[in-house]
Amino acid sequence: MLVAVGTRPEAIKMVPVIRALRASTRLRPLVVSTGQHRELLAEVFDLAGIRPDVDLAVGEPGLPLNHLFARVLSGLQDALAELLGPADSVTVDGPAARYPAWALVHGDTSSAAAVALAAFHLRMPVAHVEAGLRTHRTATPFPEELNRQLVARIAAFHLAPTSLNEENLILEGVRHEQVFVTGNTAVDALLWAAATARPSGLPELDALLADPGRPLVVVTAHRRENLATRALGHVAAALAQVAAERPGTAFVLPLHPNPAVRAQLRPALDPLPNVLLTEPLPYPVFAALLGRAALVVTDSGGVQEEAPALGVPVLVTRESTERTEGVDAGTLRLVGTETGAVAAAVRHLLDDDRARAAMAAADNPYGDGRAAERIVAALEHLTFRTPKPARF
Ligand code: UDP
């Protein structure tokens, strides 16, 4: 099994799959890091004791997406040729016997789309983990939705987190037997992270984690569409208003490394004593922080799946989301990015214990912590005709 990972969120969500493959008696992982976000990815792998078998190291800040694609396409071909023998021995019937039986890619990154295409050219069947999420908005300059759809057209098998994701694929003409519903591995990862919890090394943060009495709002903000529209600045202004009104409430925002993101967030938030802006936090520390939060404000995809698993209400600072199950279940609320609307939503939830409790009590539609196990069992079933596992 070739398992491709390019960014931190992919690493977090693929670690449970790599661990389940390591535990399998039938399948073995061959881990390929494309290195789209090299440092944050390495940190997650180190934590899980995973060393990539292949490191394409294609990433560098500001690398144009066409260059990233080109480097992954030729880099993967060359690396596999070096490791496993040349691809020209690949036959029309399928990959050479020594090539992996499947290439697993995750989600919606450009690195995942590039690996899927490279695997197709090498005649390795592609299995798509976290398949079937859709905004149906391809007419934007942001590549995620197109990447998802590209991978879906290439993939021979689709591991869909929820039945809604499965329906999206069926509506696009994917056959029923090509999809398996697993739950999202984000929940598996979160349970793993909770078991490896450790102090952050930041005294202010550790004090907050140890003081359950102080209301805590956890914020992440970096999505490209919010950066491009300067919406990050509007969200920061909203949070600054609420933080200034409530000095007893703590706000923690780990900053994305991108300096342009920081430039929009810092001016409003830097001066406030009850707002803690940190560097990106190690995943187990961030997971502990989420578990302690009264409320999360985020434009991240993964955090929309993780916080509901911990029973924490989420305000999503986007105009649309591909994770509508959480909105329907009542655990996510889409609030847009307009300053007044975001501030009002945060105030309302901080003040209204019952509204917060109702959101927290909603069922988590994203998983039960056993998605990776189902993914590996489904791949074993496809490859070796072992019994078919039960779906999520
Ligand atoms: N995360 C982390 N440290 C942080 C902030 C986030 O480990 O300081 C984790 C978070 O738990 C989630 C993932 O990073 O699993 C989300 O990544 P991001 O928001 O970059 O991407 P997205 O989920 O939108 O693809």
Given the structure, is VAL218 part of a strand (DSSP E or B), touching a helix residue (DSSP H, G or I) at 6+ places or on another chain (Cβ under 6 Å), assigned by TED's automatic domain parsing to the domain that holds VAL335 and within 16 Å of the ligand (Cβ to nearest atom)? yes
Of all residues being modelled with pLDDT of 95 or more and either among the small types (Gly, Ala, Ser) or in contact with an Asp or Glu (Cβ under 8 Å, 6 or more places away or on another chain) (or both) in segment 7-21, which is nearest to the ligand (Cβ to nearest atom)? Just the residue, please. LYS13
All but one of (1) surrounded by fewer than 18 Cβ atoms within 10 Å (Cβ to Cβ); (2) within 28 Å of ALA186 (Cα to Cα); (3) without any contact (Cβ under 8 Å) to a residue 12 or more places away in the chain hold for ARG51, so report the exception by its number. (3)
Note on PRO64: of the conditions (1) crowded, with 21+ Cβ neighbours inside 10 Å; (2) at pLDDT below 95; (3) of a type outside the set (Gly, Ala, Ser), unmet is (1)
In segment 303-340, what count of residues is obtained for those that are among the basic types (Lys, Arg) and either within 23 Å of ALA228 (Cβ to Cβ) or within 10 Å of the ligand (Cβ to nearest atom) (or both)? 2
Selected residue [more than 30 Å from LEU27 (Cβ to Cβ), at pLDDT 95 or above, within 23 Å of the chain's Cα centre (by Cα) and not assigned by TED's automatic domain parsing to the domain that holds ASN147] from THR321, THR317: THR317
Result of the Cβ filter at 7 Å on segment 132-154, keeping first residues that are closer than 14 Å to GLY173 by Cα and partners that are modelled with pLDDT under 90 and surrounded by fewer than 21 Cβ atoms within 10 Å (Cβ to Cβ), at least 6 apart or interchain, is GLN149/THR138
Criterion (modelled with pLDDT of 95 or more, assigned by TED's automatic domain parsing to the domain that holds GLY107, farther than 27 Å from ALA377 by Cβ and among the hydroxyl-bearing types (Ser, Thr, Tyr)) met by exactly one of SER74, SER33, SER24: SER74
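The values are calculated or read from the model by the stated rules, or taken from the named source; none is laboratory data. Note that the structure is a prediction, hence the values are computed from the model and not measured. Don't worry about glycine lacking a Cβ; one is built from the backbone with ideal geometry, like all the others, and counts go over all protein chains shown.
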